[in-house]
Amino acid sequence: MKKLVLALLVLMITCLGMSVAPQPAFADEPAAAAAAPDPAAMEKRIADLEAYVNNGARVKDADSKIMAPGPGHNGFMMVCAALVLFMTLPGLALFYGGLVRQKNVLSIMAQCMGIAGLVSVLWWAFGYSIAFAPGTPFWGNFDMAFLKGVGATPNTTYAAWVSQDVFSMYQLMFAIITPALIIGAIAERVKFGALLLFVTGWMLVVYFPLAHMVWGGDGFMNGVWNANAGIKAIDFAGGTVVHMSSGWSALVLALIIGKRTGFGKENMAPHSLVLTMIGTGMLWVGWYGFNAGSAVAADGVASQAFMTTTLAAAIAGFAWAGIEWITRSKPTVLGFCSGIVAGLVVITPAAGFVSANGSVIIGVLAGVVPFFACTKLKSALGYDDALDTFGVHAIGGTLGAFLTGVLATPDANPNLLLNLKDVVGKTLWLEQLKAMGLTLVLSVGATAVLGYLLKATIGLRPTAEDEQSGLDITGHGERGYHPSEV
């Protein structure tokens, strides 16, 4: 009986297999020849897959099942874009907000949010097109105005595996935080409306053209990717575009507006170093999107930038507080915060171009040089840079741009050998000096014109009475703290 059942089962399985399974094909059958895999096509598909994993250029004519963009790189860049926005809101808002007096804390937050909204509109209307559309070495064009044609398909000038809409939003976050940095120097004494008008003009004549020159595919100072660059400089994540431009502009605008009412006579100490410390932590976390994300892929260059950013920030914070400990007997929380931000600023242009040892050197210098700029230089010259934007971002950004030219190595980033093999490790620092000079002239000159124009027309600062009352209540009709809470 068992043998009979077993025989019936074998017969059933055999019949089922004959009815379902394909019949064996012979080599001389045309259908079999058509079904056989094409070795050349398979080789292209595998090469395309490898290109995705390694962030290389797509293989031409590959019949790939991986539809561009690559989900891993795309997802990474969306996270990085969110992290960079996190730097401004709430990171910078809390960092700066804690450093002002309590009557002005909401004004700082309103300025950060106002700039975020304004710059987003400008970016959509024409900013992205000016910065990243092909055009002249100094200016893009308006072909992508209103984000025309900016969709899920990658713009291969900038990334093979990242959607152009994601890339554009990532770069928008850079455009938002850059003018927001300026408000630190003029905190507690600028009219909200005047600030927004200034930012509108400044983005048009400083940031958008500068971003094109440094990062645009045909940019005048894009030494890594443009073989015809007039200045063969490098800037990984914004030493010139972000920190030098905002920092030097901040000093000029602070001088045009003038000192705060009561400066040097009244106590203007930070009202909440707790907020400042929280903001510092947020800035540090967000800065990974800023620096690692500037690789525009989740690749080895991004991981290098992640490492160097960590080392520089930690060492600079430790160095700044250490100097305070030696010279003033106490390391302060404000010193740690200032040093961490200074380290992040100075490593920014170098993050994806230097080794771990290079980032350690940068961290030490970032803790020392901006410290003396914010204490000795500021005291000697007597300018009112309310929250040390000039000392940290202008001095730090300038220092970082120069050190990038000295410490950059192809061992950290092989892309340096594409168009810079004759200057990297040799005379690259001279190209950096040229880029720094052009950035300084553009930023200072444009800010002076815009600042004096607004001062002569609508005025830049509120009345002395409004300033004494605080910009929270006079400018926004709100208070950050109720009297019972302070």
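Per residue, how much accessible area does the chain have with a 1.4 Å probe, in Å²?
43
On a full-extension model of 0.36 nm per residue, what is the gain between LEU418 and TYR452, subtracting their alpha-carbon distance, rounded to one decimal in nm?
Result for the pair: 7.9 nm of gain on full extension.
Which of rounded, prolate, oblate describes segment 67-205, given a ≥ b ≥ c as roots of the alpha-carbon gyration tensor eigenvalues and a/c under 1.5 marking rounded, otherwise prolate only if a/b is larger than b/c?
oblate
Compare ASP385, ASP165 by solvent-accessible area with a 1.4 Å probe and give them largest first, with all protein chains kept in place.
Result of the area sort, largest leading: ASP165, ASP385.
Does anyone have the angle between helix 105-122 and the longest principal axis of the chain? Alpha-carbon axes, 0 to 90°, nearest 10?
Result, in degrees: 50.
Once ligands and nucleic acids are excluded and a 1.4 Å probe is used, how much of THR457 is accessible, expressed in Å² to the nearest 10?
Surface open to solvent at THR457 totals about 90 Å².
Lys and Arg at +1, Asp and Glu at -1: add these up for the other residues within a Cβ distance under 14 Å of THR136 and post the number.
Counting the neighbours of THR136, the net charge comes to -2.
Taking the Cβ-Cβ separation of LEU196 and ILE46 as r and a Förster radius of 56 Å, what is the calculated FRET efficiency to the nearest 0.05?
0.60
Exposed loop GluC sites (Glu not before Pro) only (DSSP loop, at most 14 other Cβ atoms within 10 Å): please give the longest stretch of the chain free of them, not including the sites.
In short, 1-265.
Between segment 36-61 and segment 92-111, what is the separation of their alpha carbon centroids in Å?
Between the Cα centre of segment 36-61 and that of segment 92-111, the gap is 52 Å.
Taking square-rooted eigenvalues a ≥ b ≥ c of the alpha carbon gyration tensor, is segment 267-324 rounded, prolate or oblate, where a/c under 1.5 means rounded and, failing that, a/b exceeding b/c means prolate?
Here segment 267-324 falls in the oblate category.
Between PHE263 and MET113, take the C-beta separation as r, use R0 = 25 Å, and let me know the FRET efficiency to the nearest 0.05.
Computed FRET efficiency for PHE263 and MET113 comes out at 0.40.
For every helix of n ≥ 4 consecutive DSSP H residues, a contribution of -39,500 (n - 2.57) applies; sum these over the chain, divide by its total residues, and give [θ] at 222 nm rounded to the nearest 500 deg cm²/dmol.
It lands at -18500 deg cm²/dmol.
P(r) tail for segment 409-486, what percent of Cα pairs lie past 20 Å?
66
In terms of the Cα gyration tensor, with a ≥ b ≥ c the square roots of its eigenvalues, is segment 428-468 rounded because a/c is under 1.5, prolate because a/b exceeds b/c, or oblate?
oblate
What does the accessible area of ASP218 come to, in Å² to the nearest 10, when a probe of 1.4 Å is used?
Around 40 Å² of this residue is reachable by solvent.
Just the number, please: carbon plus sulfur as a percent of the accessible area of the chain, 1.4 Å probe, no ligands or DNA/RNA counted.
Within the chain, the accessible surface is 69 percent carbon and sulfur.
Expressed as an acute angle from 0 to 90° and rounded to the nearest 10, what is the orientation of the C-alpha long axis of helix 245-257 relative to the principal long axis of the chain?
Taking the Cα atoms of the chain, the angle to 245-257 is about 20 degrees.
Got a sec? What order do MET277, MET307 fall in by accessible area at 1.4 Å, biggest, i.e. largest, first?
MET277, MET307
List, in order, the whole-Hz ³J(HN,Hα) value for each residue of segment 363-368 obtained from phi through the Karplus relation with A = 6.51, B = -1.76, C = 1.60 and θ = phi - 60°; use x for Gly and Pro.
x, 4, 5, 5, x, 8
Could you pull the Rg and Dmax for segment 279-413, using just the Cα atoms, both in Å?
Calculated on Cα positions, Rg and Dmax stand at 14.5, 46 Å.
Quick one: if you stick a label point 7 Å off each Cα along the C-beta vector at ALA82 and PHE146, how many nm between them?
Here the modelled spin labels are 3.1 nm apart.
Please go through the residue pairs LYS103/LYS191; LYS60/LYS426; LYS265/LYS376; LYS330/LYS376 and name each one whose alpha carbons sit more than 25 Å apart in this structure.
From the list (LYS103/LYS191; LYS60/LYS426; LYS265/LYS376; LYS330/LYS376), the Cα-Cα distance tops 25 Å for LYS60/LYS426.
If each of SER303 and THR157 carries a label point 7 Å out from its Cα toward its Cβ, how far apart are those two points in nm?
3.1
So if R0 is 60 Å, what FRET efficiency would THR136 and SER329 give, r being the distance between their Cβ atoms, rounded to the nearest 0.05?
So the FRET efficiency works out to roughly 0.60.
Length gain on complete extension for the stretch LEU377 to THR463, per 0.36 nm per residue less the alpha carbon to alpha carbon distance?
Full extension of this stretch gives 28.0 nm more.
Enter the angle in degrees (range 0 to 90, nearest 10) between the Cα long axis of helix 333-347 and the first principal axis of the Cα atoms of the chain, meaning the one along which they spread out most.
50
Semi-axes, largest first, in whole Å: what does sqrt of 5 times each Cα gyration tensor eigenvalue give for the chain?
51, 26, 23
Leaving out ligands, DNA and RNA but keeping every protein chain, what accessible area does ARG328 have, in Å² rounded to the nearest 10, with a 1.4 Å probe?
Accessible area of ARG328: about 130 Å².
Taking Cα pairs under 8 Å and at least six residues apart, what relative contact order does the chain come out at, in percent?
Relative contact order comes out at 20 percent.
Please report the relative contact order for segment 50-180, taking Cα pairs under 8 Å with a sequence separation of at least 6, and give it as a percent rounded to a whole number.
Once divided by the residue count of segment 50-180, the mean separation gives 34 percent.
Grab the eigenvalues of the alpha-carbon gyration tensor for segment 200-338, scale each by 5, take roots, and send me the semi-axes largest first in whole angstrom.
Output for segment 200-338: semi-axes of 33, 24, 13 Å.
The values are calculated or read from the model by the stated rules, or taken from the named source; none is laboratory data. Predicted, not measured: the structure shown is a model, and the values here were computed from it. Cβ coordinates were reconstructed from backbone atoms using ideal geometry, including for glycine residues, and neighbour counts include every protein chain displayed. We work out accessible area using only protein heavy atoms, side chains counted, and drop any ligands, DNA or RNA first. Shrake-Rupley method; radii C 1.70, N 1.55, O 1.52, S 1.80 Å.
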